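Q: Can you keep this structure in mind? I'll have questions shortly.
The values are calculated or read from the model by the stated rules, or taken from the named source; none is laboratory data. Nothing here was measured: the structure is a model prediction, and the numbers come from that model. Cβ placement follows ideal geometry from the backbone for every residue including glycine, while neighbour counts extend to all protein chains displayed.
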Amino acid sequence: MDDLSSDKKIESFQKNYLWFSKPRFFNDPFDCNMEIIKYYNDFLNSINSIADKTEDLIIDNTKEFGICCFSETKTNIHMWSHYADSHKGICVEYNSSEFDDYFSQLLQCRCYLNPVDYREKLIDLNGDIEWIKHKDYIEFKRIASIIRDPKDLDLLFEKLLLQKNKGIWSNERESRLIIGGLARQNNKDKELPSGYKVPIKRNMITGVIFGINTPDNLRTEIQKIFGDKVQYQDTKLDFENWELKVE
């Protein structure tokens, strides 16, 4: 969701790009804050012999990653209130079926849309870590083997950046695209101080939902940008059930 109340945010649709924000600009101070790594003493001690100043490497690296957030829900009243300027913004719908192939090819490395890992406890880095879920079994890897491979290291950071507090945030049903270390190396031209502008195909945007309080001038501007290429819907108040509905 996006409030689109500023020219900069409307520009992203005019010029067809997604904005990937750097984690240090997030509103939740725990979200993607890799300072947590300092509390994994066993983990840090186990890899200090592999990489110098591992703690600094992890923190400095990941704070420059780029993250673009999406949601599976379009009727969460808290999200409309918080992310869409008290219902004055809009919700943009995407066809994400091409995301994995498109962004991986564009950024010249693996870049998949992954669901946020809502957890009651942080991932444990002091032992083997759950790595890949296969059909019939789960593979575990030692952290020491992961840190040596840039691709695996990006995947480890991705796992850590996808974890969020289950009790507070799970109702957002969020998924994320993440620009990791390899993508940053390959796309220096896309980096800005606070994030990354990454081109997107216009036909990946399939719909726009207007908030209850979306002003007429914003509606007009959005319809001017997208024309008849997307579906337009409005949010309504369902007083009987005390919830939002889209129609």
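Q: Within segment 140-154, work out how many residues are touching a residue at least 24 places away in the same chain (Cβ under 8 Å) and surrounded by 15 or more Cβ atoms within 10 Å (Cβ to Cβ).
A: First, pick out the residues of segment 140-154 that are touching a residue at least 24 places away in the same chain (Cβ under 8 Å): 143-144, 147-148, 150-151, 153-154.
Still in the list and also surrounded by 15 or more Cβ atoms within 10 Å (Cβ to Cβ): 143, 147, 153-154.
Number satisfying all stated conditions: 4.
Q: Quick check on my filter: what residues within segment 176-214 are outside any loop (DSSP other than H, G, I, E, B) and among the hydroxyl-bearing types (Ser, Thr, Tyr)?
A: Of all residues in segment 176-214, those outside any loop (DSSP other than H, G, I, E, B) come to 176-179, 181-186, 188-192, 195-199, 202-210.
Those that are outside any loop (DSSP other than H, G, I, E, B) and among the hydroxyl-bearing types (Ser, Thr, Tyr): Tyr196, Thr206.
Q: Could you check, for segment 221-229, whether at least one of its residues is surrounded by 14 or more Cβ atoms within 10 Å (Cβ to Cβ), in contact (Cβ under 8 Å) with a residue 24 or more places away in the chain and not in a helix (DSSP H, G or I)?
A: Pass one, segment 221-229, residues surrounded by 14 or more Cβ atoms within 10 Å (Cβ to Cβ): 221-223, 225-226.
Checking which are in contact (Cβ under 8 Å) with a residue 24 or more places away in the chain leaves us with 221-222, 225-226.
Then keep just the ones that are not in a helix (DSSP H, G or I); that gives none.
Checked against the condition, which is being surrounded by 14 or more Cβ atoms within 10 Å (Cβ to Cβ), in contact (Cβ under 8 Å) with a residue 24 or more places away in the chain and not in a helix (DSSP H, G or I), segment 221-229 yields no hits at all.
Q: With Asn171, Asn241 as the choices, which residue is among the polar types (S, T, N, Q), surrounded by fewer than 17 Cβ atoms within 10 Å (Cβ to Cβ) and either touching a Leu at 6+ places or on another chain (Cβ under 7 Å) or over 23 Å from Asn33 (Cα atoms) (or both)?
A: Values: Asn171 fails: either touching a Leu at 6+ places or on another chain (Cβ under 7 Å) or over 23 Å from Asn33 (Cα atoms) (or both).
Asn241 is the lone residue from the list that is among the polar types (S, T, N, Q), surrounded by fewer than 17 Cβ atoms within 10 Å (Cβ to Cβ) and either touching a Leu at 6+ places or on another chain (Cβ under 7 Å) or over 23 Å from Asn33 (Cα atoms) (or both).
Q: Just a yes or no: is a residue in segment 199-211 closer than 27 Å to Asp117 by Cβ, surrounded by 11 or more Cβ atoms within 10 Å (Cβ to Cβ) and of a type in the set (S, T, N, Q)?
A: Yes, segment 199-211 contains a residue that is closer than 27 Å to Asp117 by Cβ, surrounded by 11 or more Cβ atoms within 10 Å (Cβ to Cβ) and of a type in the set (S, T, N, Q).
Q: A further question on this structure: With the requirement that a residue be without any contact (Cβ under 8 Å) to a residue 24 or more places away in the chain and under 19 Å from Leu156 (Cα atoms), what does segment 172-191 give you?
A: Gln185
Q: Could I ask something else about it? Kindly check whether there is at least one residue in segment 191-204 that is more than 30 Å from Glu130 (Cα to Cα), among the aliphatic types (A, V, I, L, M) and touching a helix residue (DSSP H, G or I) at 6+ places or on another chain (Cβ under 7 Å).
A: Yes - at least one qualifying residue is present in segment 191-204.
Q: Restricting attention to segment 129-137, does a residue exist that is exposed (fewer than 14 other Cβ atoms within 10 Å of the Cβ), among the hydrophobic types (A, V, I, L, M, F, W, C) and modelled with pLDDT under 85? Steps first, please.
A: Let us first name the residues in segment 129-137 that are exposed (fewer than 14 other Cβ atoms within 10 Å of the Cβ), namely 130, 132-137.
The next check asks that each one be among the hydrophobic types (A, V, I, L, M, F, W, C); those that pass are 132.
Filter again for modelled with pLDDT under 85, leaving 132.
Yes, segment 129-137 contains a residue that is exposed (fewer than 14 other Cβ atoms within 10 Å of the Cβ), among the hydrophobic types (A, V, I, L, M, F, W, C) and modelled with pLDDT under 85.
Q: Can you find even one residue in segment 60-69 that is within 26 Å of Thr214 (Cβ to Cβ), surrounded by fewer than 16 Cβ atoms within 10 Å (Cβ to Cβ) and at pLDDT 85 or above?
A: no
Q: Being buried (at least 17 other Cβ atoms within 10 Å of the Cβ) and either under 14 Å from Asp100 (Cβ atoms) or out of contact with any strand residue (DSSP E or B) (no Cβ under 8 Å at 6 or more places or on another chain) (or both) is the filter here; which residues of segment 180-190 pass it? Give the steps one after another, and end with the answer.
A: So the first thing to find is which residues in segment 180-190 are buried (at least 17 other Cβ atoms within 10 Å of the Cβ), and the list is 180-184, 187, 190.
Passing the criteria: Gly180, Gly181, Leu182, Ala183.
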